Amino acid sequence: MDTSARAELRLVVLGRTGAGKRSAVCTILGLQDHDQGTDDAEECSKHSGEAAGRKLVVVSSPAWFSSDCAPEDRKRHISSFIALSSPGPHAFLLCVPVNQPADGEEKALDVLTELFGASALSSNTIILFTHTEELEEDEQLEEYLISWRKDLLKLVERCGDRYHTLETRGGEPDEGKALEELLEKVEEAVRESGTQHFSCPLYQEAEGRVRERQEEILRQRRRQDQVTPSDSKPEEDITEEDMEEVRDEAERSVGDLDVDVDSSFPSAAVSPSSPSSSLLWGLWEKLTGWMKWLPRVVRREALLGALVGLFVGGPFGGIMGATVGSVATEVGRRKTQKTK
C-alpha cells in the first residue's frame, strides 16, 4: 500500500446476529461494548478511530442475509453499508462463530459474490472467527478447523485462505498483537490485489451519489449563509472537520442504491430451502445449547454422536450416533489419561 492508502483503512464488519460483530468492532477501535450497540442493531453504524498507527473507519451492518430479514430491509442495509464505506473498503470482515454450522455464512459469501464479483472474496474478504472460547483449552484454532470443521475451512478457501481471530486465550498474544496482525493481513491483501481499495460498479455508483449530495449540502449552506450573513463563514474558511461532517451527512442520506434484491437474493440464498432444513437448524441450536452443560472432556464427542444421529435419521441413525459418540468419548478419555 502507498502512504495515502495506509493512512486510513476502511473495514466492513458483517455477520449473523450473535456472531460477535459488536465485540470485533469494539476490539478494533478500543471501544467499550456499550459504545457500539448490539449485534442485532437495526441500522448500519460507522465509527472512526486509530489503532496500531493507522486511522480506521469501521462500518458494521445488520444481518441482512438472515432468513427473517425482509427484502426491502436487505436493500436498505446493503445500500447503507456501501455508502458508509464508499469509495470502497480495504476489507470485508465476515464474523463466523466456530460453534455454529457454516451454511448461513456460505450463503452470505454467495450473495457478496453476486453483488460485488468474485474478487470481493478472493482479494478483499477475511474470515474473522469468533466464540473461540468453545475450543478446548489446549486446542489451536487451526487444529480445530482441520480436524473438525471442513465446512469452516471451505469458507477460508473461498476467501483466499485468509482468516483471523481477535479473541485471545491463555498463552496466546494479547488483543493488541492480534489486532496488529489483522491489520497487517488487510494491508497485505490490498497489496496483492494491486488496487488502493476494493471497488466495483455498486461502489462507484455510491461514491457518485455521495459527491453529488455533498455538493448539494454545501449549496444549501451557502444559501443559508446569504440569508443570515452575520453567521456566515467564507468558503475558504471551511475546515476539514466541516467537510467531514458534510461527507458523513451525505453518506447517510444517499438512499437506496441500484441493488436488484430479487435477483441478488434468491430465496434459496437467504432462507432455509425447506421445512426440514429449518428443523435441522433448530435441532442444532438445541444440541449446542445442551452441550454447554456437559463437561468439556465429553462435549465434543457427544456432539459428534448426536450430529451423526441427527443427519442420518431414523432408528439406524440413532444407533450409529450412539456408537460413534461412545467410541469418540472413549478415545478422548484415553487421550486425556495419556497426557496426565
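The values are calculated or read from the model by the stated rules, or taken from the named source; none is laboratory data. On a predicted model such as this, the values are computed, not experimentally measured, just so you know. Every residue, glycine among them, receives a Cβ derived from its backbone with ideal geometry; neighbour counts consider all protein chains shown. These accessible areas exclude ligands, DNA and RNA; they are computed on the full protein's heavy atoms, side chains included. Shrake-Rupley method; radii C 1.70, N 1.55, O 1.52, S 1.80 Å.
Points worth noting:
- Of all residues making up the range 104-153, the number that are surrounded by 15 or more Cβ atoms within 10 Å (Cβ to Cβ), farther than 24 Å from Ser23 by Cα, charged (D, E, K, R) and out of contact with any Ser or Thr (no Cβ under 6 Å at 6 or more places or on another chain): 1
- Residue check for His164: under 25 Å from Phe92 (Cβ atoms) and either modelled with pLDDT under 95 or open to solvent by 30 Å² or more (accessible area, probe 1.4 Å) (or both): no
- In the set Ala41, Ala19, only one residue is modelled with pLDDT of 90 or more, touching a Ser or Thr at 6+ places or on another chain (Cβ under 9 Å) and of a type in the set (A, V, I, L, M, F, W, C); that residue is Ala19.
- For the range 180-206, taking the residues that are part of a helix (DSSP H, G or I), over 19 Å from Ala52 (Cα atoms) and small (Gly, Ala, Ser), the one that is most open to solvent (accessible area, probe 1.4 Å) is identified as Ser193.
- The residue that is farthest from Val254 (Cα to Cα), among those in the range 46-62 that are open to solvent by 30 Å² or more (accessible area, probe 1.4 Å) and free of Cβ contacts under 8 Å to residues at least 60 places away in the same chain, is Gly53.
- Qualifying residue in the range 216-225 (condition: at pLDDT 90 or above and open to solvent by 90 Å² or more (accessible area, probe 1.4 Å)): yes
- Applying a threshold of 7 Å to beta carbon distances and a minimum spacing of six or more residues, or different chains, the list of pairs starting in the range 131-157 at a residue that is without any contact (Cβ under 8 Å) to a residue 60 or more places away in the chain and ending at one that is small (Gly, Ala, Ser) and surrounded by 14 or more Cβ atoms within 10 Å (Cβ to Cβ) reads Asp151/Ala102; Leu152/Ala102.
- Any chance Phe65 is touching a residue at least 60 places away in the same chain (Cβ under 8 Å), on the phi < 0 side of the Ramachandran plot, open to solvent by less than 10 Å² (accessible area, probe 1.4 Å) and of a type outside the set (D, E, K, R): no
- Members of the range 82-103 found to be under 15 Å from the mean Cα position of the chain (by Cα) and either among the β-branched types (Val, Ile, Thr) or open to solvent by 10 Å² or more (accessible area, probe 1.4 Å) (or both), listed by number: Ile82, Val96, Val98, Gln100, Asp103
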